[in-house]
1. Please compute the Kirkwood hydrodynamic radius over the chain, one decimal place, Å, based on all pairs of different Cα atoms.
2. Among 67, 234, 92, determine the one that fluctuates most according to a GNM of the chain built with springs between C-alpha atoms less than 10 Å apart.
3. Per 0.36 nm of contour for each residue apart, how much would the distance between residue 201 and residue 121 grow if the chain were fully extended, relative to their Cα-Cα spacing?
4. What is the mean projected area of the alpha carbon convex hull for the stretch 86-142, to one decimal in square nanometres?
5. Please give the length that would be gained between residue 94 and residue 223 if that part of the chain were fully extended, namely 0.36 nm times their separation in residues minus their C-alpha to C-alpha distance (nm, one decimal).
6. In what sequence do 70, 186 fall when counting other Cβ within 10 Å, fewest first?
7. I need 25, 218 ordered by Cβ neighbour count within 10 Å, fewest first.
8. May I ask you to sort 168, 147, 112 by Cβ crowding, counting other Cβ atoms within 10 Å and putting the fewest first?
Amino acid sequence: MFYQIAFALVLAATTTAQAATVPQWQKPGPTDVRSPCPLLNAMANHGLLPRDGKNIKATQYISALTSISIGLDLASALVVGSPAVGVPTHLSGLTFTFGLDDLRTHGAIEHDASLTRNDAYFGDNYSFNHTLYDQFISTQNAAGRLDVNSMAKIRALRLKQSKATNPDNKFGFKESTLAHGEASLILNYFGYANGLEIPTNYLDAVFVDERLPYNEGWVPPTSSVNLLKVSAVSKQISDAEAKLPQ
Ligand code: HEM
């Protein structure tokens, strides 16, 4: 019994210490800006990135992302790659900055057929859309979690919907790579402890509240989510998609 109590205390202390390193979640204020990326928005809501979402230095993005177990290679590729693919940037001394709102630029990283955002053609390409989210969550498996097959199904469905309704639909190699990369990122990042399956209450926190799901029992992966892991799972999603009935 003593050992059980001692173990529970150590576990509670570890969990509290983990969460205590992350500043308190706050919803954004009226002049704060946010992006189409639920993870970066959640980081700003926790104060891991500037809460106003503005003028964020490349070095700030990279150190914030690596502090929560995103690999240095992946964080650097995303941040340094952003201006290269057309995200507007601003100079600050010797480094560049971009605000979370700069990430709304359609055709840079932002693309059609997003999981939970409308296509730019319909006006707002960055705000969370609850109807799309419900459709996303409906792909859960029998255990109530989203897995590789869920991601394959929703990626195929969103592309079909975008093609059917958006006359400007564009989903070439770049868009497909990014979209599959995003689906892979969340599987790796929030599903690592459950064999690449994400409990839906984690997703509610991340997508609906734009909050890291500490209260739901999640802790950042102990081994960083790097480019190799993201590419491997991206391929698994594409392969599963190719096997879906047409
Ligand atoms: C500096 C790093 C990052 C940048 C610049 C970035 C940027 C973006 C942008 C512009 C989008 C919108 C794409 C669209 O049109 O749907 C997006 C979506 C997304 N991002 Fe990020 N992101 C970053 C890091 C991450 C990380 C680390 C994760 C997960 C652990 C993540 C998860 C996602 C997901 C799941 C989506 C898809 C949302 C949806 O389709 O509804 N991102 N990201």
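1. Answer for the chain: a Kirkwood hydrodynamic radius of 18.8 Å.
2. 92
3. That pair, residue 201 and residue 121, stretches by 25.7 nm at full extension.
4. The number I arrive at for the stretch 86-142 is 5.3 nm².
5. On the way: separation 129, 0.36 × 129 = 46.44 nm, distance 3.17 nm.
The residue 94-residue 223 span can extend by a further 43.3 nm.
6. Ranked by crowding around the Cβ, least crowded first: 186, 70.
7. On the way: 25 16, 218 22.
Ascending number of Cβ neighbours within 10 Å: 25, 218.
8. By the 10 Å Cβ count, ascending: 168, 147, 112.
Every read-out reported here was derived from the displayed coordinates using simple, explicitly stated rules and does not represent laboratory data. Values in this document were obtained by computation on a predicted structure and should not be read as measured data. Cβ atoms come from the backbone with ideal geometry, glycine included; neighbour counts cover every protein chain shown.
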